[in-house]
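Colleague: Let me give you the structure first, and then I'll get to my questions.
The values are calculated or read from the model by the stated rules, or taken from the named source; none is laboratory data. What you see is a predicted model; the values in this text were computed from it and never measured. Cβ placement follows ideal geometry from the backbone for every residue including glycine, while neighbour counts extend to all protein chains displayed.
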Amino acid sequence: MPVPRPAPPPGVLERLTYIQAPLRTVWATLHDPAAQDTLFPELRLGPPAPSWPAAGATRAARLRLGLLVANVRLESLEARPSARFQLIVVGDGIRLQRGWFLEEVAGGTRVAGTAGLTTSGRWTARLIAVGRGSVAGMVETHLRILKEMAEGSPPTPEPRRTGAGRS
């Protein structure tokens, strides 16, 4: 029986995409260790705990969102294979909750990607905004890449922006 997808709470962004691939393929792509740098261009993930992506597992990462670069910790909040995955990214002055809800539909998979960002302090929010970073852009890019990879085509690179280099 499918797990119902709750409506996102206020302040949480949600984007939907349809992927022409079975649920198991989409789930496997989302958690493929070899694909993590491509799927999550805003994160440089450290090694996963042996239990990753099980709920409660953690891993270190470096987050880049706009001009903000921060060391963060990821924690898996929920991992229901082929149904839903939620995690939280926490760092100094930043808290980002991400979710993926997968549903088998019309011979493929509907994926709802969610994200809610909370920042503390003026500088954190300004560094994100000045660098043209956004939660919407992050979720939309991720879903596009996930779709391309799960459907078997190579992901199209993001256009390069002038300004600060990637660390």
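Colleague: Tell me which residues, restricted to segment 19-43, are assigned to a strand (DSSP E or B) and closer than 13 Å to residue 148 by Cβ.
Modeller: Matches in segment 19-43: 19 only.
Colleague: If you go through segment 98-119 one residue at a time, how many are more than 17 Å from residue 19 (Cα to Cα), within 12 Å of the chain's Cα centre (by Cα) and surrounded by fewer than 20 Cβ atoms within 10 Å (Cβ to Cβ)?
Modeller: Of the residues in that region, 1 qualify.
Colleague: Then there is this: From the list 16, 39, which residue is under 19 Å from residue 139 (Cα atoms) and either touching an Asp or Glu at 6+ places or on another chain (Cβ under 6 Å) or surrounded by 16 or more Cβ atoms within 10 Å (Cβ to Cβ) (or both)?
Modeller: Working: 16 fails: either touching an Asp or Glu at 6+ places or on another chain (Cβ under 6 Å) or surrounded by 16 or more Cβ atoms within 10 Å (Cβ to Cβ) (or both).
Result of the check over 16, 39: 39.
Colleague: Just give me the residues in segment 44-69 being in contact (Cβ under 8 Å) with a residue 12 or more places away in the chain, assigned to a loop (DSSP other than H, G, I, E, B) and either over 20 Å from residue 117 (Cβ atoms) or in contact with a Pro (Cβ under 9 Å, 6 or more places away or on another chain) (or both), in sequence order.
Modeller: Those that are in contact (Cβ under 8 Å) with a residue 12 or more places away in the chain, assigned to a loop (DSSP other than H, G, I, E, B) and either over 20 Å from residue 117 (Cβ atoms) or in contact with a Pro (Cβ under 9 Å, 6 or more places away or on another chain) (or both): 46, 47, 48, 52, 53, 54, 55, 56, 57.
Colleague: Filter segment 73-90 down to residues that are assigned to a strand (DSSP E or B) and either in contact with a Pro (Cβ under 7 Å, 6 or more places away or on another chain) or surrounded by fewer than 19 Cβ atoms within 10 Å (Cβ to Cβ) (or both), then give me how many there are.
Modeller: Counting residues in segment 73-90 that are assigned to a strand (DSSP E or B) and either in contact with a Pro (Cβ under 7 Å, 6 or more places away or on another chain) or surrounded by fewer than 19 Cβ atoms within 10 Å (Cβ to Cβ) (or both) gives 11.
Colleague: Taking residue 28, is it of a type outside the set (Lys, Arg) and farther than 10 Å from residue 74 by Cβ? Talk me through it step by step, then tell me what you get.
Modeller: Working: of a type outside the set (Lys, Arg): yes; farther than 10 Å from residue 74 by Cβ: yes.
Considered against the rule, which asks whether it is of a type outside the set (Lys, Arg) and farther than 10 Å from residue 74 by Cβ, residue 28 comes out as yes.
Colleague: Condition (residue is under 17 Å from residue 45 (Cβ atoms), modelled with pLDDT of 90 or more and among the aliphatic types (A, V, I, L, M)) applied to segment 95-106: is it met by at least one residue?
Modeller: yes
Colleague: With the condition kept exactly as written, say whether any residue in segment 150-164 is modelled with pLDDT of 95 or more and part of a helix (DSSP H, G or I).
Modeller: Yes - at least one qualifying residue is present in segment 150-164.
Colleague: Which number in (1) surrounded by fewer than 16 Cβ atoms within 10 Å (Cβ to Cβ); (2) under 24 Å from residue 151 (Cα atoms) marks the one condition that residue 46 misses?
Modeller: (2)
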